[in-house]
Amino acid sequence: MKTLVKGIHHITLCPGGAQEDVDFFTKVLAQRMVKQTVLMDGSIPIYHLYYGNADAQVGSIATSFPYSRKQGRAGSGQLAATSYTIPNGTAGFWKDHFDRHQMEHSGVQERFGRKYVRVKHPAGLLFEVMEEPADTRNAWTTKEVSKDVATHGFFGAVLSVRDVRDQEQFFIEALGFTKVGVDGPYHRFQAGDGVGNVIDLHHEPDRAPGSWGFGAGTAHHIALNLETDEAMAKQKAWYEELGFTDTSEIKDRFYFHSMYTRSPGGILVECTSNVPGGFYQDESPEELGTKLHLPPWYEDQREAIVSQLEPITVPEENRPKSGTTAVPAHVAAAKHDPVEESKIPLSRYKAKFGAEN
Ligand SMILES: [Fe+2]
């Protein structure tokens, strides 16, 4: 099958406290906060925080649901690590940077001939910075992390599986990935060319399964970018033809559209299509990520939602200096009516916050 996947769209994780998460992403990983909104399912307000590179590009976006209500269990059948690209020769900088922040890390390691450092989020989530010389995406910088060392976007993700076979077949047959190599227990897959589209299956046959629901310290899903609604409809039909009949309906997530499938190894895999305006629909490039935004269908419940959320402070340096970020031309030119009908049927969930449920 010719792949419809253009790369990774976003990776979604469950940390614990919200401020702790903001501090880790913005100070330790030196990401730009791109969006503050809320989980669009369920009836209890949970933040949905987005972090990315300087241009808030699809393929650099980690999102988090700070979920201190319940602890998750890390294990197999889960996304085990989120990997970012860094310039060649900078793994040593990142090791020292993690030391300065007193973060637990692996030291400099090597996989498929590339140097990387793995670091642990305070909630237990794992991240990697992986040397990749070919990445020209616009890096976000901070006082401590300058342009010559900063992350550009995702390199990919590591998924832990007890058995490689069916998960491999899923990526190849259902999603059109190509297997590009094996390094010890790691099996590498790639969708198309370019950077930011690598999946490493980590074969861990004896590792107990991790939890599937929301829970602090665990990853929830990985999302792949299909770009268009037409590609989503094709992918849904293909999934169903292969027998993945539990593929969800296509949901309106306001900033993009989403469809979810539980993959054979246990990992929840989302496919997404982009909508005109993307993350810039409801705030200017200069203000991106600096305050809470709700989708229009939740605005009438703003007070009830905000009163149940932990207040957070975003570093002042999160505001871009003029000329340091760019809105992609096709995004800047597009006008989006958030309630307009899509060409394909969409599902939209609306909870009642603050009421007795
Ligand atoms: Fe998602």
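Among the numbered conditions (1) surrounded by 18 or more Cβ atoms within 10 Å (Cβ to Cβ); (2) among the hydrophobic types (A, V, I, L, M, F, W, C); (3) in a strand (DSSP E or B), tell me where Val108 comes up short.
Result: Val108 fails condition (1) only.
Can you tell me which residue within segment 304-351, out of those that are charged (D, E, K, R) and at pLDDT 60 or above, is most open to solvent (accessible area, probe 1.4 Å)?
Lys343
Go over the candidates Val119, Val145 one by one and state the one that is in a loop (DSSP other than H, G, I, E, B), in contact with a Phe, Trp or Tyr (Cβ under 9 Å, 6 or more places away or on another chain) and at pLDDT 95 or above.
Val145
Under 29 Å from Asp166 (Cα atoms) and within 14 Å of the ligand (Cβ to nearest atom): is that true of Glu270 in this structure?
Yes; evaluated as a whole, the condition is true for this residue.
Identify all residues within segment 197-220 that are within 16 Å of the ligand (Cβ to nearest atom), crowded, with 22+ Cβ neighbours inside 10 Å and not hydrophobic (A, V, I, L, M, F, W, C); write none if there are none.
Answer for segment 197-220, where residues must be within 16 Å of the ligand (Cβ to nearest atom), crowded, with 22+ Cβ neighbours inside 10 Å and not hydrophobic (A, V, I, L, M, F, W, C): Thr218, His220.
I'm trying to understand the selection: among the residues of segment 108-124, which are out of contact with any strand residue (DSSP E or B) (no Cβ under 7 Å at 6 or more places or on another chain) and more than 13 Å from Val28 (Cα to Cα)?
Glu110, Gly113, Gly124
If Val34 satisfies every condition in (1) open to solvent by 10 Å² or more (accessible area, probe 1.4 Å); (2) out of contact with any Pro (no Cβ under 9 Å at 6 or more places or on another chain) but one, which is the exception?
Single failed check for Val34: (1).
Scan segment 234-246 residue by residue and report those that are modelled with pLDDT of 95 or more and either under 17 Å from the mean Cα position of the chain (by Cα) or surrounded by fewer than 22 Cβ atoms within 10 Å (Cβ to Cβ) (or both).
The answer is Lys234, Lys236, Ala237, Trp238, Tyr239, Glu240, Glu241, Leu242, Gly243, Phe244.
Would you please name the residue that is modelled with the lowest pLDDT, looking only at residues in segment 180-210 that are of a type in the set (Gly, Ala, Ser), part of a loop (DSSP other than H, G, I, E, B) and in contact with a strand residue (DSSP E or B) (Cβ under 6 Å, 6 or more places away or on another chain)?
If we take residues in segment 180-210 being of a type in the set (Gly, Ala, Ser), part of a loop (DSSP other than H, G, I, E, B) and in contact with a strand residue (DSSP E or B) (Cβ under 6 Å, 6 or more places away or on another chain), then Gly196 is modelled with the lowest pLDDT.
When you look at Thr63, is it under 18 Å from the mean Cα position of the chain (by Cα), surrounded by fewer than 24 Cβ atoms within 10 Å (Cβ to Cβ) and within 26 Å of Arg207 (Cβ to Cβ), yes or no?
yes
Please determine, by comparing only the residues of segment 125-142 that are in a strand (DSSP E or B) and among the aliphatic types (A, V, I, L, M), which one is farthest from the chain's Cα centre (by Cα).
Step by step, filter segment 125-142, then rank; the result is Met130.
Strands (runs of 3 or more DSSP E) wholly in segment 1-102 with at least 3 residues that are within 14 Å of the ligand (Cβ to nearest atom) - which ones?
8-14, 32-38, 47-52, 61-64
The values are calculated or read from the model by the stated rules, or taken from the named source; none is laboratory data. What you see is a predicted model, and the numbers here were worked out from it, not measured in a lab. Virtual Cβ from ideal backbone geometry, glycine too; neighbours counted across all protein chains shown. Note: areas computed on protein heavy atoms with side chains; ligands, DNA, RNA excluded. Shrake-Rupley method; radii C 1.70, N 1.55, O 1.52, S 1.80 Å.
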